[in-house]
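Asker: Below is the structure I would like to discuss, written out as structure tokens.
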Amino acid sequence: MVTRISCELPRHSAAEVVAMKEDLQHHGLLTPIVVDEQGNIIDGRERAPLCDELKIDWKATAKVVKVSPEQAAAMRLRLNLLHRKKLPTREQRQAYVEVMIKGEPELSDSYIASLCGYSAMQVGRIRSSLGTAGAAAQRKGKDGKVRSVAKKPDAAKTFAPVTWIKQTTENLVKHRDLIARELQAGKGKEEFARLFKLVIEIAHLAGLSK
């Protein structure tokens, strides 16, 4: 028995269904219907009943794929969105993106963005929020090419201006007596004197000096 996986994508309009039926009558089933190992339809839920009505044996040419429920949901969206002219509504987009990232994390952000009407940056933010659920060492683009994912720099090793300022201020405060003596001896310049005074004021505000 063939059952149909529930799909959040909206049904085709009556006019689209008529056009689809006419195409099947004239050209037959050119794109195989995709099902999982249990016979659940992943792609082709509109075409299957039309084929039954037209006595077209779609089961004989069906493409069977071995996928998890999450992968099936992502594949269903991807295959349907590829040939749909109408993009999902704003409310649907994030849900679609999350399903696709979880089910097919190997798809690139730009590929998913092109399907769901999002920007690659928006998809990237959603992927980051999903953590390990959206992780993949390599990703496939819309062109079919597989590319390695650039690793994000270690935050601990990344230059942090705030940290640098704090460390620099601490060092200046620590050695302020020595710096003051150098200034009094005339070895410092007027600009440096102003900077030193400013640093001391910042240190007081930051609670680094009393």
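Asker: How many residues does the stretch 35-68 contain that are within 19 Å of S13 (Cβ to Cβ) and under 35 Å from the mean Cα position of the chain (by Cα)?
Answerer: Adding up the residues that qualify gives 7.
Asker: Among the candidates L115, L130, single out the residue that is surrounded by 13 or more Cβ atoms within 10 Å (Cβ to Cβ) and modelled with pLDDT of 80 or more. Break it down stepwise before answering.
Answerer: Details: L115 fails: modelled with pLDDT of 80 or more.
Result of the check over L115, L130: L130.
Asker: Right, something else. For V173, only one of the following conditions fails: (1) surrounded by 14 or more Cβ atoms within 10 Å (Cβ to Cβ); (2) among the hydrophobic types (A, V, I, L, M, F, W, C); (3) at pLDDT 75 or above. What is its number?
Answerer: So the condition that V173 fails would be (3).
Asker: P10 - would you say it is at pLDDT below 85, assigned to a loop (DSSP other than H, G, I, E, B) and surrounded by 17 or more Cβ atoms within 10 Å (Cβ to Cβ)?
Answerer: Values: at pLDDT below 85: yes; assigned to a loop (DSSP other than H, G, I, E, B): yes; surrounded by 17 or more Cβ atoms within 10 Å (Cβ to Cβ): no.
No.
Asker: Let me ask something additional. Just to be sure, is L77 at pLDDT below 80 and of a type in the set (A, V, I, L, M, F, W, C)? Spell out how you get there, then give the answer.
Answerer: Working: at pLDDT below 80: no; of a type in the set (A, V, I, L, M, F, W, C): yes.
So L77 fails the test.
The values are calculated or read from the model by the stated rules, or taken from the named source; none is laboratory data. Here the structure is a predicted model, which is why all the values come from computation and not from measurement. With ideal geometry, Cβ positions are generated from the backbone for all residues, glycine too; neighbour counts draw on all protein chains shown.
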